[in-house]
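The values are calculated or read from the model by the stated rules, or taken from the named source; none is laboratory data. This one's a predicted model, so the numbers in the text were calculated from it and none came from an experiment. Glycine also receives a Cβ, built like all others from the backbone with ideal geometry; neighbour counts cover every protein chain displayed. Just the protein is used for accessible areas: all its heavy atoms, side chains included, with ligands, DNA and RNA removed. Shrake-Rupley method; radii C 1.70, N 1.55, O 1.52, S 1.80 Å.
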Amino acid sequence: MDIGFVLNGQHVEVKSANGDLSLLDLLRDRLDLMGTKEGCGVGECGACSVLLDGKVVNSCLTPAGKVAGRKVTTIEGLAGPGRGELHPIQEAFIETGAVQCGFCTPGMILATLSLLSENPDPTDDEIKIALAGNLCRCTGYHDIIRAVRRAAGKMRGGRP
């Protein structure tokens, strides 16, 4: 099957995609986007998280054919092509030390973007709920929650 969709702001057309192909495999194997990771392969860890029409989905569970005509955003597309600058969420994660091994970071950042797009001033409990589908084995989450709060402030134009 051929699949056309908007990926990180650009229309892409993937020819002859296998009907059993996951979005994760399409992104990594066919489109060479390595920021989306396979952790568990069963939708439990969030390492494969991407935005589909602005909402977080597990790309390991999403059939590639389901993205036809839709908008997919990966970590590679967050700041925009050729901008050479980090998104405020990426900055906040770096500034607060919320990144250790980095394996979970793309999923955490995209989940944060989805949250802050709907709720620009979340409580800690709302942050925890929004990130519940993303597992981190390194940080203990304290710095990640601080990063989300800092990013919220940056995105609102206030002090982080």
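Table for the structure above
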{"read-out": "The range 20-34 residues that are free of Cβ contacts under 8 Å to residues at least 12 places away in the same chain, paired with ones that are buried (at least 17 other Cβ atoms within 10 Å of the Cβ) (beta carbon under 8 Å, 6 or more apart)", "value": "28/36; 34/28"}
{"read-out": "Qualifying residues in the range 91-128 (those that are of a type in the set (Ser, Thr, Tyr) and in a loop (DSSP other than H, G, I, E, B)) - the one most open to solvent (accessible area, probe 1.4 Å)", "value": "123"}
{"read-out": "Every residue from the range 134-154 that is part of a helix (DSSP H, G or I) and either at positive phi or out of contact with any Phe, Trp or Tyr (no Cβ under 6 Å at 6 or more places or on another chain) (or both)", "value": "142, 143, 144, 145, 146, 148, 149, 150, 151, 152, 153, 154"}
{"read-out": "Of all residues in the range 17-33 being part of a loop (DSSP other than H, G, I, E, B) and open to solvent by 90 Å² or more (accessible area, probe 1.4 Å), the one that is modelled with the lowest pLDDT", "value": "18"}
{"read-out": "Failed item, numbered, when residue 60 is tested on (1) open to solvent by less than 40 Å² (accessible area, probe 1.4 Å); (2) in a strand (DSSP E or B)", "value": "(2)"}
{"read-out": "Some residue of the range 67-90 being at pLDDT below 95, assigned to a loop (DSSP other than H, G, I, E, B), open to solvent by less than 70 Å² (accessible area, probe 1.4 Å) and in contact with a Cys (Cβ under 9 Å, 6 or more places away or on another chain)", "value": "no"}
